[in-house]
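Asker: Can you read through this structure? Questions will come right after.
The values are calculated or read from the model by the stated rules, or taken from the named source; none is laboratory data. Remember, it's a predicted structure, so these values are computed and weren't measured experimentally. So basically every Cβ, Gly included, is an ideal-geometry build from the backbone, and we count neighbours across all protein chains shown.
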Amino acid sequence: MADKPLHNGHRARMRERYYSSEFSEFNHHEILEFLLFFGIPRRDTNAIAHKLINHFGSFSGVLDAPVEELIECGLSKNAAVWVQTVFGLTQKYIYGKNCDNRGIDCIDDLENRLMDLLSNETEEKVALAMYNAKGMELFLGIISEEKDNWTDKLYSKLAELSVRYHATTMIIAHNKPNGVAAPTEKDIDNTMKIFNSLAKIGARLNDHYIIAGNELYSMVEDSNYRVIFS
C-alpha cells in the first residue's frame, strides 16, 4: 500500500516545535517521527513511528532493536542504521560525560540509580548494568517491560547487549510494584538461567537486585543465594 501523502508544511511545523521547546512537548512517537525525518525523506514518518512503537512495545524498544529487526519491520537499511547511529552516539555521550569514573566497585551509587529507575514504576520492569573487563560502567538502563520479562526474548537480549557493548560483567534488577523485596522461587530460577546463559558467552552475572517501593534487596548479599553467582 502506498504511503499517505505528506501534509504540506508538516515537517517544517515539527521543526519549529523542536526549535521552540526541543523535545519537552513531544510524545514518544513524535520524537521518533522527528528522528526519522533525517533517515526517510518525503514519507509519512508519523505512521512509521506508530508502527515501530506498536511492534517493539515502546520508544526505548525501537532504539534497542537491532538493525535487522528494524529492517524486517519495514525500514530501509539506511533508515535503520540511522536510528542505531543516533542511539549509539547518545549512549557514548551520556556515559562519556557522566560515567567515566563509575565502576563496578561503586555499589552505593549503582544501588541509588537503580532505585531511581525502578522504585516508582507501576509495572514490573528489568534494568541492567554492564561493565567492561576493567570494571568500568558501559550501560545502565531499563531493558525490558512487563510483557517481555523472564522470557527467552529477555535472555537473548542480555546476550545481544553483552556482545554489542563488549561487556564482561552484568548486574540485573527488577521491581515488584505490589510485592516485597525478596526473591520467589521463580526469581531464583530465573537468576540461575541468566547466570548460565551469560556464562556460555563468557560474561558474568554479579548480582540480581529486587526493588519494592523504597526497599532494595541484593541476592548476592544473602548467604542463602550467594552460591548462585560463584
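Asker: For region 109-129, name all the residues that are farther than 20 Å from T151 by Cβ and either in contact (Cβ under 8 Å) with a residue 40 or more places away in the chain or not acidic (D, E) (or both).
Answerer: Across region 109-129, the qualifying residues are L110, E111, N112, R113, L114, M115, L117, S119, N120, T122, A129.
Asker: Consider A80 against the criteria (1) more than 15 Å from the chain's Cα centre (by Cα); (2) at pLDDT below 85; (3) not hydroxyl-bearing (S, T, Y): it satisfies all of them except one. Which criterion is unmet?
Answerer: (2)
Asker: Still on this structure: Working carefully through the options S223, S218, find the one that is of a type in the set (G, A, S) and over 22 Å from the mean Cα position of the chain (by Cα).
Answerer: Criteria check complete, one pass: S223.
Asker: Moving on to the next point. Can you tell me which residue in region 191-230 is farthest from N175 (Cα to Cα), limited to those that are assigned to a helix (DSSP H, G or I) and of a type in the set (G, A, S)?
Answerer: Ranking the qualifying residues of region 191-230, first place goes to A199.
Asker: Which count do you get for residues in region 115-145 that are under 13 Å from the mean Cα position of the chain (by Cα) and of a type in the set (D, E)?
Answerer: Residues meeting the conditions: 1.
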